[in-house]
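First comes the structure, then the notes that go with it.
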Amino acid sequence: MKPEPTDRCRKLLEEVSRYLDGDLTAAERRKVGQHLQRCPCCQHMADSLKHTVEACHKAGSARLPADVRSRARARIATLLASGPVPPRTA
Amino acid sequence: MNPSTSGPSARETDYGALVRAAQGGSQQAMERLLMRAQEIAYRFSLLVCGHADDADDAMQEALLKTYRYASQIKEPDAFRTWLYRTVKNACLISRRKRVHEPARLESLDAVVEHQDGSVQGIDVPDPGRRPDEALENTRLRGALHRALQTLAPEHRLIVFLREVEGLSTREVAQVVGISEANVKTRLHRARLSLRQQLESP
């Protein structure tokens, strides 16, 4: 069963995200760290946020579809065959 | 966890070194830069703007500008933020040229219908992965893209640059034109919204 959030948990939502990025002062980090150690709800939130970020990373490494990649390669070949870049005009 | 150093695409490419090599005459380096520019334009078109038909225009624009700029840039290490700014502008201009409809997102796992009536699956399976692994990743990406669609455009842009592309907070601030503090505020709020959408049944 998923742990129920308290009012304190709701207030700490953004701090948990900042905690994961190392984006808190030492005092804030200690406070959030202590809360995480004893709060299953916020631990669940932290794990869930980590999975969210991992899912984003995976999307960034998704391969281009074969036909899109093929068109991209063809464009590059055409461009490079067209000769050097003309000098930039003011 | 430190997303500023762990984004896959940006992390794996040393753009400064590639630009220097390209300026030194390496055709292979230039080809890699030109492919990276098009890959970024493609992902931006799909994930931030949401239209596969815009992607070809944006890829072409990113390609041409990169070819010209990479040969002439005097500070190769500034290339990466220049590239993302250029792609952002190219994609948004392509989008405005189309219609005045709100930006939306397209799942990489969806089938896209082009204006000429042809259809295209956005993703292809990686032959190196086990089928169950590929299926799980496909589901995950589908869920992620549906969740991204629910974000406000300015939050979606931050998530794309920082979490999907792996830019640092400073780089995101330079690309978007806001302060680093604002990037962080938007990022954490967007991340919470995204998480909530991914967790919802």
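The values are calculated or read from the model by the stated rules, or taken from the named source; none is laboratory data. Remember, predicted model here, so these are calculated numbers, not experimental data. Here the Cβ positions follow ideal geometry from the backbone for every residue, glycine too, while neighbour counts run over all protein chains shown.
Here is how the numbers come out for the structure above:
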| item | result |
| --- | --- |
| Cβ pairs under 8 Å, 6+ apart, first in the stretch A:42-64 and surrounded by fewer than 21 Cβ atoms within 10 Å (Cβ to Cβ), second among the basic types (Lys, Arg) and outside any helix (DSSP H, G or I) | A:His44/A:Lys2 |
| Odd one out for A:Arg18 among (1) in a helix (DSSP H, G or I); (2) more than 9 Å from every other protein chain (Cβ to nearest Cβ); (3) modelled with pLDDT of 90 or more | (2) |
| Every residue from the stretch B:141-173 that is more than 10 Å from chain A (Cβ to nearest Cβ), part of a helix (DSSP H, G or I), farther than 15 Å from B:Ile40 by Cβ and in contact (Cβ under 8 Å) with a residue 40 or more places away in the chain | B:Arg146, B:Gln149, B:Pro153, B:Arg156 |
